[in-house]
1. Please build a GNM for the chain, connecting alpha carbons under 10 Å apart, and tell me which residue among Ala63, Ala55, Ala42 fluctuates the most.
2. Could you give the nm distance between label points at Ala61 and Ser115, where each point is 7 Å from its Cα heading toward the beta carbon?
3. Which three extents, in angstrom, do the Cα atoms of the chain have along their principal axes, listed largest first?
4. Ranking request for peptides 43-50, 75-82, 89-96: highest mean number of other beta-carbon atoms within 10 Å first, then the rest in descending order.
5. How many angstrom lie between the C-alpha centres of segment 119-179 and segment 58-92?
6. About the Cα centre of the chain, how large is the charge dipole given +1 on each Lys and Arg Cβ and -1 on each Asp and Glu Cβ? Please answer in debye to the nearest 20.
7. In whole Hz and in residue order, list the ³J(HN,Hα) couplings for segment 63-68 that follow from phi through the Karplus curve 6.51 cos²θ - 1.76 cosθ + 1.60, θ = phi - 60°; x for Gly and Pro.
8. With contacts defined as alpha carbon pairs under 8 Å and 6 or more residues apart, what's the relative contact order of the chain in percent?
Amino acid sequence: MGARHGAAQETRVDESTRHTPHEGHSVEAGLYREAMSRLAAAVHVVTTRGAEGRAGFTATAVASVSDSPPTLLVCLNRRIQSAPAFRQAGLFAVNMLSAEQEAVAQSFGGRGGLSGEQRFGVGSWHEGELGLPCLAGALAVFECRLIEARHVATHDVLVGRVEAVTLGPAHPSLVYLGRDFRRV
Ligand SMILES: Cc1cc2nc3c(=O)[nH]c(=O)nc-3n(C[C@H](O)[C@H](O)[C@H](O)COP(=O)(O)O)c2cc1C
């Protein structure tokens, strides 16, 4: 039987597994990160082309907002070196990675110490319809116009209107779960 969410069910929650903050205190960041590590999330590389050339970063914080008109959002840490380029360019592409593209995710996650243009040495990149860096073999690529950017805590929530979609091969997907890459 599926989980019930009524008040009666609430009282049966095991208190030893419950981490409720005291009134006026926020949840500790490490606990929040541990909980979020249990969320299976598709891996993307978000790219742009600015005055200083191409830039991109690996992202799991990507979500669909609406299909009418097609709209999505990406959460971008403002400490990322290329963060200003995304606001300035006003355009970005979301490349949804296939299971074979873990090396691309590593490169754009900053793990090899690569930055800016150097990251595009991993994977095969071409210009999309809006002139944005698009990854060959990605499951799908969404080229977006930035319609809203909102500061929320450490991140900018970038809302993009999707102006072009490229469908790639229907291969297995690259997912991040338990602080590790997995193939689904
Ligand atoms: C699997 C994975 C998912 C990530 N998801 C995000 C994300 O959603 N948003 C974000 O701002 N950074 C995310 N990052 C971190 C950025 O990719 C990383 O901080 C960035 O590439 C660093 O760039 P810099 O060296 O130019 O500052 C993620 C990294 C990995 C490996």
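Since every read-out is calculated from the coordinates, none of them should be taken as a lab result. Just so it is clear, the structure is predicted and the values come from calculations on it, not from any experiment. No Cβ is skipped: glycine too gets one built from the backbone with ideal geometry, and neighbour counts run over all protein chains shown.
1. Ala63
2. 2.1
3. 55, 39, 36
4. Details: 43-50: 25.0, 75-82: 15.5, 89-96: 23.2.
Packing proxy ranking, top to bottom: 43-50, 89-96, 75-82.
5. 8
6. Values: 18 positive and 18 negative charges, 36 e Å.
Approximately 180 debye in magnitude.
7. Coupling constants for segment 63-68: 8, 6, 9, 7, 9, 9 Hz.
8. 24 percent.
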